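The values are calculated or read from the model by the stated rules, or taken from the named source; none is laboratory data. Keep in mind the model is a prediction, meaning the values are calculated, not measured. Note that each Cβ is placed from the backbone with ideal geometry, even for glycine, and that neighbours are counted across all protein chains shown.
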Amino acid sequence: MEHNHLTTRQLKALETKEALYQAAIKLFTEKGYENVVVEEITTLANTAKGTFYNHFPSKKDVLYHTFQKFDDIYREAYEATQALPTFKDRLLTFIGFAYKKIDALGKKIPWALYHNSMLDSSPLILSNNRTLYQIIYQFVDEGIQAGELSSFYDTAYYVDLIKTQLVGIDYRWCVSSDIDHFSQFAVKNIACFLNGLMHT
């Protein structure tokens, strides 16, 4: 992300926000989200408690900032799919690329995101406004136009089906100890799902 247009003060604010975020993620990973208080985050980031609230309204909001980090991963994964010829190739490559990077972060942060988001009245993890689902929407739309997916159903219907699969895969990974490679697990399951979907 380019910050060339920002003032020195704005750049400093971004640095402080990132320091708070990194401190929070370190503590969430080491101690678990529920066991961390804001004072520990500000102490580790060497900032005042009031500074924390200038950037994040709550501890949950600093956790949810991870969604923006994931968006960066999804955009990078999207770029890796541009030369691929089919809907299926693009979607599986996208998932494999993105989930490999998320896997490297470990399970504790994704699990905290999943758990806390699902307690909200409108879970952000399910929002169609997420970059993840907007990219999948584009893949599906292109697949319908190319005749790879039946035009009997609309794009939103297919995206909702894929979303349901991904949420289930995410949850299974978070709560299981028998999945060594998240990206391989995700790609294998989505490939199986697509094989059935595309031959229905």
**Request:** Kindly indicate whether any position in the stretch 86-101 is under 30 Å from K12 (Cβ atoms), part of a helix (DSSP H, G or I) and of a type in the set (V, I, T).
**Result:** no
**Complete:** (1) under 22 Å from E15 (Cβ atoms); (2) surrounded by fewer than 18 Cβ atoms within 10 Å (Cβ to Cβ); (3) modelled with pLDDT of 95 or more all hold for L105 apart from (3)
**the stretch 130-163, subset surrounded by 19 or more Cβ atoms within 10 Å (Cβ to Cβ) and in contact (Cβ under 8 Å) with a residue 40 or more places away in the chain, residue nearest to the chain's Cα centre (by Cα)** = L132
**Asked** Of the residues that make up the stretch 28-37, is at least one in the same structural domain as P110 (by TED's automatic domain parsing), among the aromatic types (F, W, Y) and either more than 18 Å from L113 (Cβ to Cβ) or assigned to a helix (DSSP H, G or I) (or both)?
**Response** no
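For the stretch 110-129, what are the residues that are among the hydrophobic types (A, V, I, L, M, F, W, C), touching a residue at least 60 places away in the same chain (Cβ under 8 Å) and touching a Lys or Arg at 6+ places or on another chain (Cβ under 9 Å)?
L124
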**Message:** Can you go through F97, F52 and tell me which one is more than 24 Å from R172 (Cα to Cα), out of contact with any Phe, Trp or Tyr (no Cβ under 6 Å at 6 or more places or on another chain) and surrounded by 19 or more Cβ atoms within 10 Å (Cβ to Cβ)?
**Reply:** F52
**Request:** Scan the stretch 54-65 and give yes if some residue there is modelled with pLDDT under 90, under 30 Å from Y133 (Cβ atoms) and outside any helix (DSSP H, G or I), otherwise no.
**Result:** no
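Each row is one residue, and each column tells you yes or no for (1) in a helix (DSSP H, G or I); (2) touching a Cys at 6+ places or on another chain (Cβ under 6 Å).
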site: W111; (1), (2): yes, yes
site: N129; (1), (2): no, no
site: Y157; (1), (2): yes, no
site: V167; (1), (2): yes, no
site: R172; (1), (2): yes, no
